[in-house]
Amino acid sequence: MTIDTSVLNALRPDMTRFAYLLLRDQHAVEDVIQETMLTAIEKQDGFKNKSSLKTWLFSILRNKTIDALRRGKREVNISTLSNDEDDGLEEVLFNHHGAWNMETKPNTWSNPDASFEQKQFWAVFDACLNHLPSQTSRIFMMREFLEFEVDDICKELNLSTSNCWVILHRARTKLRLCLDTKWFSGQGFQASRS
Amino acid sequence: MMNCKEANQLMSQELDRKLTWRELAALKFHVTLCDGCANARKQVSFIHHACKHAFGLEDEKK
Ligand SMILES: [Zn+2]
């Protein structure tokens, strides 16, 4: 079947968001989108509507993004990593017995799934992701958006498995705190519900 | 009983690997008694689901 280019263009904003979260470089993003579009047009005979167009296009985009990540710096710089990461987060959250400090004990997020329908939520979500230190963010995105297994991330980036777990844990903790402040206990969530 | 700091490490790792039954039992036991950790676990799992929904790919499959 022939794919209408206007349909492809309509999917561009989501594709750009995806690539930007992973690559954080406008030029690299444009290249990846360009390559994805060209591949989609070249291979359109292979698209048989079995999967939706968006799913199909995103599978191409995913591969192009992985290539771009590999073309860029292959290894994570361990010294930068420990610098950006070792910020005493756990000392802030937990007391010396490893129990929650009063102020940092997590509250209930009421009906969080309803946020998926809010455009504003995704802006906050992206902002929180972009706020993560770049190496942490890259590992988190490889895991959650590119759906790499942890072992493959470690191999790819020359990190130990336990190192990867620690980094993913920090990423999730930071996102949790960011969403809590900027959405669930803040104005955004209240406003969107009223 | 495991402390909150350890429980938090496991609730992240349960998204990345299969916990041993011993770890899972200890985590489950901890969150039944600790509402802070029960909330943290729900929040972390929400973030995991949000990542799957972030580009509207899930919706299309419906
Ligand atoms: Zn606890």
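The values are calculated or read from the model by the stated rules, or taken from the named source; none is laboratory data. Here the structure is a predicted model, which means the values were calculated and not measured. Using ideal geometry, Cβ is built from the backbone for each residue, glycine included, and neighbour counts are taken over all protein chains shown. For the accessible areas, the whole protein counts, side chains as well, though only heavy atoms, and no ligand, DNA or RNA atoms are used. Shrake-Rupley method; radii C 1.70, N 1.55, O 1.52, S 1.80 Å.
With all protein chains in place and ligands, DNA and RNA left out, the 1.4 Å accessible area ranks A:155, A:119 as A:119, A:155, largest first. Ligands, DNA and RNA aside, residue B:57 has an accessible area near 30 Å² when probed at 1.4 Å. With helices as the sole contributors, chain A gives -19500 deg cm²/dmol at 222 nm; each DSSP H run of n ≥ 4 counts as -39500 (n - 2.57), and the sum is divided by every residue. When the surface is traced with a 1.4 Å probe over the full set of protein chains, residue B:31 keeps roughly 20 Å² accessible.
Under 5 Å from the amide H of residue A:94 lie the amide H atoms of A:101, each residue being 5 or more positions distant or on a separate chain, with H modelled from the backbone and absent for Pro and chain starts.
Sorting B:2, A:102, A:141 on solvent-accessible area from highest to lowest, probe radius 1.4 Å, gives A:102, B:2, A:141. Cut-off 10 angstrom, C-alpha nodes, Gaussian network model of chain A. Which of A:136, A:108, A:36 fluctuates the most? Comparing A:136, A:108, A:36 in the GNM, the peak value goes to A:108.
Per residue, the accessible area of region A:90-194 comes to 49 Å² when a 1.4 Å probe rolls over the protein heavy atoms. In plain terms, the bigger the Kirkwood radius, the slower the diffusion; for region A:5-71, with that radius from Cα pairs, at 20 °C and 1.002 mPa s, Stokes-Einstein puts D at 180 µm²/s.
Rounded to whole numbers, the Karplus 3J(HN,Hα) couplings from phi for region A:135-143 are 5, 4, 4, 4, 5, 4, 5, 4, 6 Hz, using 6.51 cos²θ - 1.76 cosθ + 1.60 with θ = phi - 60°, and x at Gly and Pro.
Once both axes come from the Cα atoms, what is the angle between helix A:161-179 and the longest principal axis of chain A, in degrees from 0 to 90, rounded to 10? On a 0 to 90 degree scale, this one is about 80.
If we count GluC sites (Glu not before Pro) as exposed when they sit in a DSSP loop and have at most 15 other beta carbons within 10 Å, what is the longest stretch of chain A that avoids them all?
Here the longest run is A:1-74.
At an R0 of 45 angstrom, the distance between the Cβ atoms of residue A:95 and residue A:16 translates into a FRET efficiency of 0.55. Measuring against 18 Å, Cα to Cα, the residue pairs A:174/B:42; A:43/A:64; A:105/B:18; A:182/B:52; A:174/B:5; A:105/B:42 contain A:105/B:18; A:182/B:52 as the ones spanning a longer distance. As a fraction of the 1.4 Å probe accessible area of the protein assembly as shown, surface on carbon and sulfur atoms comes out at 51 percent. Among A:169, A:27, the order of accessible area from largest down is A:27, A:169, computed with a 1.4 Å probe on protein heavy atoms. Remark: the residue A:3-residue A:185 segment gains 61.1 nm on full extension, using 0.36 nm per residue and subtracting the alpha carbon distance.
Computed log10 I(q)/I(0) for chain A at 0.10, 0.16, 0.19 Å⁻¹: -0.52, -1.14, -1.34, from the Debye equation with unit scatterers placed on every C-alpha and solvent omitted.
Please report, in debye to the nearest 20, how large the charge dipole of chain B is about its Cα centre when each Lys and Arg carries +1 at its beta carbon and each Asp and Glu carries -1 there. Please report the intermediate quantities before stating the final value.
Working: 10 positive and 8 negative charges, 29 e Å.
Taking the Cα centre of chain B as origin, the dipole is about 140 debye.
According to the Kirkwood relation over distinct C-alpha pairs, the hydrodynamic radius of region B:4-54 is 11.2 Å. Placing unit charges on the Cβ atoms only, positive for Lys and Arg and negative for Asp and Glu, gives the protein assembly as shown a dipole magnitude near 460 debye about its Cα centre.
Working from Cα positions, state the angle (0 to 90°, nearest 10) between the long axis of helix B:21-33 and the longest principal axis of chain B. Computed tilt is about 90 degrees. Within 10 Å of the Cβ of each residue in A:107-114, the mean number of Cβ atoms contributed by other protein chains is 3.
Relative contact order, whole percent, for chain A stands at 20, derived from Cα pairs under 8 Å and 6 or more residues apart. Contact with the other protein chains removes 30 Å² or more of accessible area, compared with the isolated chain and a 1.4 Å probe, from these residues of region B:37-58: B:39, B:43, B:44, B:46, B:47, B:50, B:51, B:52, B:53, B:54, B:55, B:57.
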